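Trainee: Quick one: the structure is below, questions incoming.
The values are calculated or read from the model by the stated rules, or taken from the named source; none is laboratory data. It should be emphasised that the depicted structure is a prediction, and the values quoted were computed from it without experimental measurement. FYI the Cβ positions are ideal-geometry reconstructions off the backbone, even for glycines, and counts take in every protein chain you see. Note: accessible area is taken over every heavy atom of the protein model, side chains too, but ligands, DNA and RNA are not part of it. Shrake-Rupley method; radii C 1.70, N 1.55, O 1.52, S 1.80 Å.
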Amino acid sequence: MVKYYKTDDRKIHEEKTIRDGVWIQMVNPSMAEGQMVADMLNVDIQDILAALDEEESSRIELEDGYTLILVDIPSIEIRHEKESYTTIPLGIILTADEIITICTEDTPVLQAFLNNRVKEFSTKKKLRFVYQILYRIAALYQSDLRIIDKMRTEIEERIGKDTEETDLIALHELESTLVYFATSLRANGVVLDRLTRYKRLEQYPEDKELLGDVIVENKQAIEMTGIYRDIINGTRELLSSVIDNQMNSIMKSLTVITLIMAIPTVISGIYGMNVDSRWVPLASATHGFAIICGIIVVICVILFIWLRKKRIL
């Protein structure tokens, strides 16, 4: 899908054709749509399609007549029948008169601009538009990181109550997500560092200040990722210990039950031997069976009390 947008009087509206100062938004474009835009703006089709490859790394390339900026943005995917976070590329191409954004999905990063939720936004101020996009990306990372921490807190609150092995798997997935985030944020940081030395388009003082804010927000997101990774690692270790302790308690209880049940088994086994009744105690007694059962109960109760005193049970 390819759409054209332009701002007039701080309000964005859709255009029908490519004009100067237009923002070209490409969402999962087909090969034909990519080729059309590439031919109209004299851009390499491979640079347009680069953002559609999930394996592409963040970078900035200065080409003849245009600049390609590739960054990673957070996204939601279905993993193990649950929503999980991942990162996907977002491509930004700056030409002399237009700006192009390419992504495999309609990301909330760009939706904020379409819904007029970004102050001082203009498609004509291309470099400031790029910095505003990068600022929204850093803010989205931080927002998703807070959601991830809430998910970890929910799992932590269940520890000791309804702890399950699925919680351990969920923590592992959260930790994997933070690894993706950390890798993407560091790569985005390299792009931001190169943008500080970008001289192809004129930068106004407020643009440089905005870029500084983006760098600060990106560093803060990196720090948050590291902190949350450490916390999740500690929670995962605690959860593993709790599950191991629960298993040990179950095994100890089963061992005690087996020990107590062994007493009547041994006694009944002795009395079940095929020997002369003269050698079997209480064999001729009127209430011999009841007396033997009583002795078994007494021995089991004594053993039970002893195990409780030793805190084995």
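Trainee: Could you tell me the convex hull volume per residue, in Å³, taken over the Cα atoms of the range 92-188?
Mentor: Values: hull volume 11.9 nm³, N = 97.
Normalising the Cα hull of the range 92-188 by residue number yields 122 Å³.
Trainee: Find, among the GluC sites (Glu not before Pro) in the range 70-151, those assigned to loop by DSSP (not H, G, I, E, B) with at most 10 other beta-carbon atoms within 10 angstrom. List each step's numbers first, then the result.
Mentor: Working: sites: Glu77, Glu81, Glu83, Glu98, Glu105, Glu120; in loops: Glu81, Glu98, Glu105, Glu120.
Answer by residue number: Glu81, Glu120.
Trainee: A further question follows. Against the longest principal axis of the chain, how steep is helix 205-271, in degrees 0 to 90 to the nearest 10, with axes from Cα atoms?
Mentor: 10 degrees
Trainee: Now a separate question. Rounded to the nearest angstrom and ordered from largest down, what semi-axes does the equivalent ellipsoid of the range 189-251 get from its C-alpha gyration tensor (root of 5λ)? Could you put the intermediate results ahead of the total?
Mentor: Numbers: eigenvalues 470, 17, 5 Å².
Equivalent-ellipsoid dimensions as semi-axes: 48, 9, 5 Å.
Trainee: How much accessible area per residue does the chain have, counting only protein heavy atoms and a probe of 1.4 Å, in square angstrom? Let's see the in-between values first.
Mentor: Details: 17990 Å² over 313 residues.
I get 57 Å² per residue for this part.
Trainee: With the chain treated as a Gaussian network of Cα nodes joined by springs under 10 Å, which of Val298, Val109, Val275 yields the largest mean-square fluctuation?
Mentor: Fluctuation is largest for Val275.
Trainee: For the range 181-239, which GluC sites (Glu not before Pro) are both in a DSSP coil and crowded by at most 14 other Cβ atoms within 10 Å?
Mentor: Details: sites: Glu202, Glu206, Glu209, Glu217, Glu223, Glu237; in loops: Glu202.
Qualifying residues, ordered by number: Glu202.
Trainee: For helix 31-41, report the angle its Cα long axis makes with the longest principal axis of the Cα atoms of the chain; keep it between 0 and 90° and round to the nearest 10°.
Mentor: Orientation of helix 31-41: about 30 degrees from the principal axis.
Trainee: Please state the charge dipole magnitude for the range 1-142, taken about the Cα centre, from unit charges on C-beta atoms (+1 on K and R, -1 on D and E), reported in debye and rounded to the nearest 20.
Mentor: Details: 16 positive and 25 negative charges, 187 e Å.
Here the range 1-142 has a charge dipole of around 900 debye.
Trainee: Let me ask something additional. So how many Lys-Lys pairs in the range 105-242 land under 30 Å Cα to Cα, not counting same-chain pairs under 8 apart?
Mentor: The result is 18.
Trainee: In whole Hz, what ³J(HN,Hα) sequence does the range 296-307 give by Karplus (6.51, -1.76, 1.60; θ = phi - 60°), x for Gly and Pro?
Mentor: Whole-Hz 3J(HN,Hα) from phi for the range 296-307: 4, 4, 4, 4, 5, 5, 4, 5, 4, 5, 5, 5.
Trainee: Using only alpha carbon positions, build the gyration tensor of the range 1-137, then give the equivalent ellipsoid semi-axes as the square roots of 5 times its eigenvalues, largest first, whole angstrom. List each step's numbers first, then the result.
Mentor: Values: eigenvalues 103, 70, 38 Å².
Equivalent-ellipsoid dimensions as semi-axes: 23, 19, 14 Å.
Trainee: For the chain, max minus min Cα coordinate along each principal axis, in Å, sorted largest first?
Mentor: In descending order, the Cα extents are 115, 39, 31 Å.
Trainee: For the charge dipole of the chain, defined by +1 on Lys and Arg C-beta atoms and -1 on Asp and Glu C-beta atoms about the Cα centroid, which residue among Tyr141, Asn42, Gly269 has the Cα displaced farthest towards the positive pole?
Mentor: Selected residue: Gly269.
Trainee: Rank by packing, highest mean first: peptides 290-296, 185-191, with packing defined as the count of other Cβ atoms within 10 Å averaged across residues. Don't skip to the end; give the middle numbers.
Mentor: Values: 290-296: 14.1, 185-191: 19.0.
The most tightly packed comes first, giving 185-191, 290-296.
Trainee: For the chain, what is the calculated [θ] at 222 nm in deg cm²/dmol (nearest 500), taking -39500 (n - 2.57) for each run of four or more DSSP H residues and dividing by its residue count?
Mentor: Values: 7 runs with 175 residues, N = 313.
Taking each H run of at least 4 residues, the total per residue is -20000 deg cm²/dmol.
Trainee: Any idea how far the Cα center of the range 204-230 sits from the one of the range 237-261, in Å?
Mentor: Each part's Cα centre sits 48 Å from the other's.
Trainee: If you take the Cα atoms of the range 168-220, find Rg, then find the Kirkwood Rh from the mean of 1/r over all pairs, what is Rg/Rh? Before the final figure, lay out each step's value.
Mentor: On the way: Rg = 15.5 Å, Rh = 12.9 Å.
Rg/Rh for the range 168-220 comes to 1.20.
Trainee: Further, regarding this structure: If the elastic network links every pair of Cα atoms under 10 Å, which of Ala285, Ala112, Ala138 fluctuates the most in the Gaussian network model of the chain?
Mentor: Ala285
Trainee: Report the net charge of residues surrounding Gln142, where surrounding means a beta-carbon distance below 14 angstrom and charges are Lys +1, Arg +1, Asp -1, Glu -1.
Mentor: Combined, the nearby Lys, Arg, Asp and Glu give -1.
Trainee: Report, in whole Å, the centroid distance computed from the Cα atoms of the range 102-170 and the range 280-300.
Mentor: Each part's Cα centre sits 74 Å from the other's.
Trainee: Which of the GluC sites (Glu not before Pro) found in the range 4-66 are loop residues per DSSP with 13 or fewer other Cβ atoms within 10 Å of their Cβ? Each step should come with its number before you reach the end.
Mentor: Working: sites: Glu14, Glu15, Glu33, Glu54, Glu55, Glu56, Glu61, Glu63; in loops: Glu54, Glu55, Glu56.
Loop-located and lightly packed - Glu54, Glu55.
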